[in-house]
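Below is one structure, written out as structure tokens; comments come after it.
The values are calculated or read from the model by the stated rules, or taken from the named source; none is laboratory data. Computed from a prediction, not measured in an experiment: that's the story for all the values here. Note: ideal-geometry Cβ built from the backbone for every residue, glycine included; neighbour counts use all protein chains shown. The area values use the complete protein model at the heavy-atom level, side chains included, leaving out ligands, DNA and RNA. Shrake-Rupley method; radii C 1.70, N 1.55, O 1.52, S 1.80 Å.
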Amino acid sequence: MAILAKHLKIEANLKNINLQAGETRTPEYLKLNPSHTVPTIVDNGFALFESRAILQYLANKYAAGSPIYPSDPVARAQVDKVLFYDASAYWPAMRAAFVSYLWF
């Protein structure tokens, strides 16, 4: 998100979240993101979580008509394929290897 925000020249107020300290489980954070995950953005009062949804939102709002997130369905499908690749191929393998280590 930070790279896209910089590319689109969006002024972002980035905050580091300490997962080990439970900063995603505070009442304030849970109001923004009941899934208590990262990343989460707040844009003019609109809170959104899930990295791919955030990227799509930022591109749609701040770069509409731009080739960065094309309006042509075939070109956009190619971008979406890359956006979602990790969810189907990379993340399941990483989760099996790391989730038990990180959370237990």
Accessible area of the chain divided out per residue, in Å², using a probe of 1.4 angstrom: 75
Report, ordered by chain and residue number, the aspartates and glutamates lying within cross-link reach of Lys81, taken as a straight Cα distance under 15 Å and ignoring same-chain residues fewer than 8 apart. Asp72
Hey, what number do you get for the chain at 222 nm if only DSSP H runs of n ≥ 4 count, each worth -39500 (n - 2.57), divided across all residues, to the nearest 500? -14000 deg cm²/dmol
Selection of GluC sites (Glu not before Pro), the range 11-97, meeting DSSP coil and at most 10 other Cβ within 10 Å: Glu11
Quick one: dipole size for the chain, taken about the Cα centre, charges +1 on Lys/Arg Cβ and -1 on Asp/Glu Cβ, in debye to the nearest 20. 40
How big is the range 32-104 by Rg and Dmax over its Cα atoms, in Å? 15.0, 45
With labels modelled as points extended 7 Å from the Cα through the Cβ direction, what inter-label distance (nm, one decimal) is found for Gln78 paired with Ser35? 2.8
Take the alpha carbon gyration tensor of the range 1-70, find the square roots of its eigenvalues, order them as a ≥ b ≥ c, and report rounded if a/c is under 1.5; if not, report prolate when a/b exceeds b/c, else oblate. prolate
Of every hundred units of 1.4 Å-probe accessible area on the chain, the number belonging to carbon and sulfur atoms, as a percent, is 61
Based on alpha-carbon centroids, what's the gap between the range 71-88 and the range 1-58 in Å, whole number please? 22
Between Ser51 and Phe98, what length comes free when the chain is fully extended (0.36 nm per residue of separation minus the Cα-Cα distance, one decimal in nm)? 15.0 nm
